Amino acid sequence: MESMNHLPVRITPNKSWLATLVLVAFCCVSCGPQVIEGRPPFIGISSMQLADDTLSADFRITNQNGVAMNIEAIDIMVMVNEVELASEQRALQLAIDANSAEEVQVREFPQAPTRDLLASLENREVASLSFSLRGSVRTLEDGTLRFEQKGHLYPVPGKPGFFRSAVTQAEELRREDKL
């Protein structure tokens, strides 16, 4: 009988095979679904109405993330020509599903400068009012998220006292990092 010598067998991967495997793995990871998280909501003025002495503003809060957002507080301010048009700062319990939107209504009794600005728009003394909308939301998931945008308010034809907005520039939406 012959004795068999068993020599260890070494398999060395071919370098091109290894490079191909790494490339395939990279493509699978990079082409897979990307869930957006930590992005501040987009907040816009969906409508505004001045009736008697009450200004009502509806703000649409759009969650641009692929996961739910739980808002605990809002701080919103709309300015026109150095005049505060509307503002709201309050605690809030608002859950917004992924890629969805909710509305928050603000009611207040505006001062004379605010009523004068909106009257000039309603009476067509000006074509539009340039506004800036800025503030923040505090979320359970990401802490304080800031937003800022600029746009124009226009009267709604055939609806006295109603106004709508168009956003012309959204500033960088950002998370406020804690120090």
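The values are calculated or read from the model by the stated rules, or taken from the named source; none is laboratory data. In this text the structure is predicted, and so the values were computed from the model without any measurement. All Cβ positions, glycine included, derive from the backbone under ideal geometry; neighbour counts span all protein chains shown.
Within region 143-176, being in contact with a His (Cβ under 8 Å, 6 or more places away or on another chain) and modelled with pLDDT of 90 or more holds for Ser165, Ala166. Each residue in region 90-142 was checked for being within 18 Å of Ile61 (Cβ to Cβ), free of Cβ contacts under 8 Å to residues at least 40 places away in the same chain and not in a loop (DSSP other than H, G, I, E, B), and 6 pass. Conditions first: (1) within 13 Å of Pro41 (Cβ to Cβ); (2) at pLDDT below 95. Glu103 passes all but one, so which condition is the exception? Every condition holds for Glu103 apart from (2). The condition of being modelled with pLDDT under 95, among the aliphatic types (A, V, I, L, M) and surrounded by fewer than 12 Cβ atoms within 10 Å (Cβ to Cβ) holds for only one of Leu92, Leu179, Leu140, that being Leu179.
Taking each residue of region 153-172 that is acidic (Asp, Glu) and looking for partners that are modelled with pLDDT of 90 or more and part of a strand (DSSP E or B) with beta-carbon atoms closer than 6 Å, six or more apart or interchain, yields Glu171/Glu148. Applying the criterion of being loosely packed, with under 14 Cβ neighbours inside 10 Å and of a type in the set (A, V, I, L, M, F, W, C) to the residues of region 101-115, the residue that is farthest from Ile76 (Cα to Cα) is Ala112.
Checking each residue in region 69-89 for being at pLDDT 95 or above and outside any strand (DSSP E or B) picks out no residue at all.
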